[in-house]
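In what follows, a structure is listed as structure tokens, so that the remarks can point back to it.
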Amino acid sequence: MCNLNKSFVAAFFIILISISPGLFAADSGHFGIGKKPTNEEIAGWDIDVRPDGKGLPKGQGSVLQGEELYEAKCASCHGLFGEGEGRWPPLAGGEDSLTNDRPEKTVGSYWPYASTLWDYINRAMPFTAPKTLSISEVYAITAYVLYLNDLIEDDFVLTQDNLASINMPNEENFYIDNRPDTNNARCMNNCKDPNKIIVVQSLRGITPEQAQESSDTPKTTQSSLSETAIAGKATYTTSCLVCHDSGVAGAPKISDKETWTKRLEQGIDTLVKHATLGFQGDTGLMPAKGGNLALTDEQVKNAVHYMIEAE
Amino acid sequence: MANSKKPESSKVYLAELANQVPSSSRRDFLKKGVKFSTGLAASIATGEAISNNLPPNIPSWSKSLGTGVVSTPYGIPSKFENNVIRRTVPWLTADKISSISMSPIQELKGIITPNGLVFERYHAGAPTVNPDEHRLMIHGLVDNPLIFTMDDLMRFPSESVINFLECPANGGMEWRGPQMEALQFTHGMISCCEWTGVRLSTLLEEVGVQANGKWVLAEGADGAGMSRSIPMDKALDDALIVYAQNGEKLRPEQGYPVRLFNPGWEGNTSVKWLRRLEIGDKPWHHREETSKYTDLMPDGRARRFSYEQEANSVITSPCPENPWGEKGSYEIEGLAWSGRGKIKHVDVSIDGGVTWRPARLKGLVLAKALTRFSLPFKWDGAPSLLQSRAIDETGYVQPTLTQLRDVRGTNSIYHKNSIHTWQLHSNGKIKNVQLK
């Protein structure tokens, strides 16, 4: 009797809970999913920097230190003086050009905040090996790019305390989106004078070829590559292609087999050595491991073989 | 040694120098050549076969068996559709890692872009992210910072929406004049998918945004650490944390395993491979919202945070890739869209904008989604200047190019949404032109 009563109460209690609206997460406001990150986890990922300097880590770097780093890690794309190689972005110059027919938007002529430069170099540069620079290297390279834009003197030492106070000349010229900025009317008849229409034709010859090879002839020609070369293809794609596909900064183009033939006369070992340790050639500078020091020597060697053998 | 003899091909020669390629390579090369000519012969044979497949003959595929189930476990399009692919404009960017490709909108039907054809935009290439090792962290001005696994994110209630995704540089090659003889290149930086994920507002409620939390920094896990500042209003309105598109998990190109999605806004704000959201009281003014994705005006000043994609439209048939043939009946068809809501009307002109007639909107008409318009047309073979003009539910009328240039000049790169003109020649061919 007593036992029966107990189980009745228990069953009643369970039913009560199961129909309680508090169990539906949307009503309670919280789902309780996810875990609290540790301070270390947040610190490792919280890399962003703001114009007021919030987010800058303690550190410093001088223009002088920056010059050497810039020439080794940045100049192959951005040019020795920030002028930009090929289609890679120029970083300096272009003062007072923003109203020109062909404006040059550089760090000095366009960017509103110096913090953006520090943040971007830290998160995304060098292009082939992002997030590999030390904090002091980021300060130093940032300082050097500011120096290339005549924004600081050559003896300047950039720190977490003085970066936010650097004035960028174009800061005041940005404003919040104020569109819509046109007011077209839904006219249906006699909307313009048909005799005054001038038709401008497109430039010829710059539309890319759109013909596609038949899928019956797949481009799997890798079988003729050596195993070393096949192993090097992925490294080439992620770390070398950027310069060696287009020939930026005097890099021998992968397709320019004549150049490679000449280079190979020194022997494959020399080529691999130059690629691994870096090399100042007649046409340009090969940074050590293409600037991506995270690559192993083996990966660099394989990539060199791929570049020699690939069509 | 090898210098003395003339190489069969420079590739083989180089490989021999490097001592890495087996001696069979030359034979491989020859074999490939043979294969190629066999291929040619085969296609001629197929050409003959085609005529045998027409009535009154019984086609060969009606007299044989086809392929069995799961012969392609993940299906691919018919081999006859191999021209329907993404394409890029090689001279547009310095390389293919930080670049863009366009969707073949000239070939697509309806409003949904198949996953393999959604346009690509990378700032440091598409990373290969292991979902088990991927995390989304939300911190900053919140009461309860949280870090989520992909499994965590999928436990939240999900939503699905159909919205377009457009790069603000769509059409941007043509500010100064017409350049591209292809719809894919003039308007292909747009796609439209069903996106599935968790409302960002749900996650923000979970972490408890503090009163001074007005901005959200979204950051990707790619090499570029792609980052944008998003106003809290948008985050709480319709922003989604997306993990699926068109019914399957996100493609790597689209941010696998998780991305932010801001309906109606310029595509780069929908940060892919999303790893972190930080709540702050001010915007961050990062590179992709200062140096890039700001709109330079003729007075040398520049607009920032120009998020919305304004109403736009284009005729997709005919177009340079889809010319007309002989005179007769055709359907003028196209796409319209607005980042501010639904498309209300689309008008079509065949005389360069002197007179306009309303087109019919067909299929689904959804806010911030591609919308199809149609106008059946009996073509008498006369040359014509074809245009379309979108009007969205806010009453905004798509501007002419002259109106846009009068305000913005020709150097703002982004947000060129002006009325587009195709010149129809009497032979049915279409040329990309602009009107003054």
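The values are calculated or read from the model by the stated rules, or taken from the named source; none is laboratory data. Please read all numbers here as calculations on a predicted model, not as lab measurements. Cβ: placed from backbone, ideal geometry, glycine included. Neighbour counts: every protein chain shown.
Assorted remarks:
- If you go through the stretch B:353-375 and keep only what is surrounded by fewer than 20 Cβ atoms within 10 Å (Cβ to Cβ) and either aromatic (Phe, Trp, Tyr) or in contact with a Ser or Thr (Cβ under 7 Å, 6 or more places away or on another chain) (or both), you end up with B:Thr355, B:Arg360, B:Leu361, B:Lys362, B:Val365.
- Here the stretch A:267-286 is the region considered, the condition is being not hydrophobic (A, V, I, L, M, F, W, C) and not in a helix (DSSP H, G or I), and the residue that is farthest from A:Ala75 (Cα to Cα) is A:Gly267.
- Considering only residues in the stretch A:80-94 that are in contact (Cβ under 8 Å) with a residue 60 or more places away in the chain and closer than 25 Å to A:Phe156 by Cβ, the one that is nearest to the other protein chains (Cβ to nearest Cβ) turns out to be A:Gly82.
- The condition (being of a type outside the set (Phe, Trp, Tyr) and touching a Pro at 6+ places or on another chain (Cβ under 7 Å)) is satisfied by just one residue among B:Lys368, B:Lys378, B:Lys362: B:Lys368.
- Scanning the stretch A:115-167 for residues that are free of Cβ contacts under 8 Å to residues at least 60 places away in the same chain and either touching a helix residue (DSSP H, G or I) at 6+ places or on another chain (Cβ under 6 Å) or of a type in the set (Gly, Ala, Ser) (or both) gives A:Leu117, A:Tyr120, A:Ile121, A:Ala124, A:Pro130, A:Ser134, A:Ser165, A:Ile166.
- Scanning the stretch B:381-390 for any residue that is surrounded by fewer than 16 Cβ atoms within 10 Å (Cβ to Cβ), touching a His at 6+ places or on another chain (Cβ under 6 Å), touching a residue at least 24 places away in the same chain (Cβ under 8 Å) and not in a strand (DSSP E or B) turns up at least one such residue.
- Residues that are in contact (Cβ under 8 Å) with a residue 40 or more places away in the chain, more than 10 Å from chain A (Cβ to nearest Cβ) and either not hydrophobic (A, V, I, L, M, F, W, C) or not in a loop (DSSP other than H, G, I, E, B) (or both) within the stretch B:345-364 comprise B:Val346, B:Val348, B:Gly363, listed in sequence order.
- Criterion violated by A:Ser76 - all others in (1) at pLDDT 95 or above; (2) in a helix (DSSP H, G or I); (3) in contact with a helix residue (DSSP H, G or I) (Cβ under 8 Å, 6 or more places away or on another chain) satisfied: (1)
- Flag for B:Glu266 being within 14 Å of chain A (Cβ to nearest Cβ), touching a Cys at 6+ places or on another chain (Cβ under 8 Å) and closer than 23 Å to A:Ile176 by Cβ: yes
- Selected residue (only one of B:Gly341, B:Gly395, B:Gly334 is more than 10 Å from chain A (Cβ to nearest Cβ) and surrounded by fewer than 19 Cβ atoms within 10 Å (Cβ to Cβ)): B:Gly341
- Every residue from the stretch A:96-119 that is among the aromatic types (Phe, Trp, Tyr) and in contact with a strand residue (DSSP E or B) (Cβ under 9 Å, 6 or more places away or on another chain): A:Tyr110, A:Trp118
- Residues within the stretch B:154-189 that are buried (at least 18 other Cβ atoms within 10 Å of the Cβ), part of a helix (DSSP H, G or I) and at the interface with chain A (Cβ under 8 Å from one of its Cβ atoms), tallied: 2
- Per-region count, the stretch B:151-197, residues under 20 Å from B:Ile343 (Cβ atoms) and not acidic (Asp, Glu): 19
- For A:Asn122, the conditions (1) buried (at least 24 other Cβ atoms within 10 Å of the Cβ); (2) polar (S, T, N, Q); (3) touching a Pro at 6+ places or on another chain (Cβ under 8 Å) are fulfilled apart from (3).
This table checks each residue for (1) touching a Lys or Arg at 6+ places or on another chain (Cβ under 7 Å); (2) of a type outside the set (A, V, I, L, M).
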{"site": "B:Ile332", "(1), (2)": "no, no"}
{"site": "B:Trp337", "(1), (2)": "no, yes"}
{"site": "B:Lys342", "(1), (2)": "no, yes"}
{"site": "B:Arg357", "(1), (2)": "no, yes"}
{"site": "B:Leu364", "(1), (2)": "no, no"}
{"site": "B:Ala367", "(1), (2)": "yes, no"}
{"site": "B:Arg372", "(1), (2)": "yes, yes"}
{"site": "B:Lys378", "(1), (2)": "no, yes"}
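- Test set (1) within 11 Å of chain B (Cβ to nearest Cβ); (2) charged (D, E, K, R); (3) farther than 30 Å from A:Gly284 by Cα - A:Glu40 fails condition number: (1)
- Filtered residue count, the stretch B:276-288, keeping only those that are more than 7 Å from chain A (Cβ to nearest Cβ) and surrounded by fewer than 23 Cβ atoms within 10 Å (Cβ to Cβ): 4
- Selection count, the stretch A:218-237, where residues are modelled with pLDDT of 70 or more and within 10 Å of chain B (Cβ to nearest Cβ): 7
- Filtered by the rule that a residue be in contact with a Phe, Trp or Tyr (Cβ under 8 Å, 6 or more places away or on another chain), facing chain A (nearest Cβ under 8 Å) and part of a loop (DSSP other than H, G, I, E, B), the stretch B:398-434 gives a lone residue, B:Asn411.
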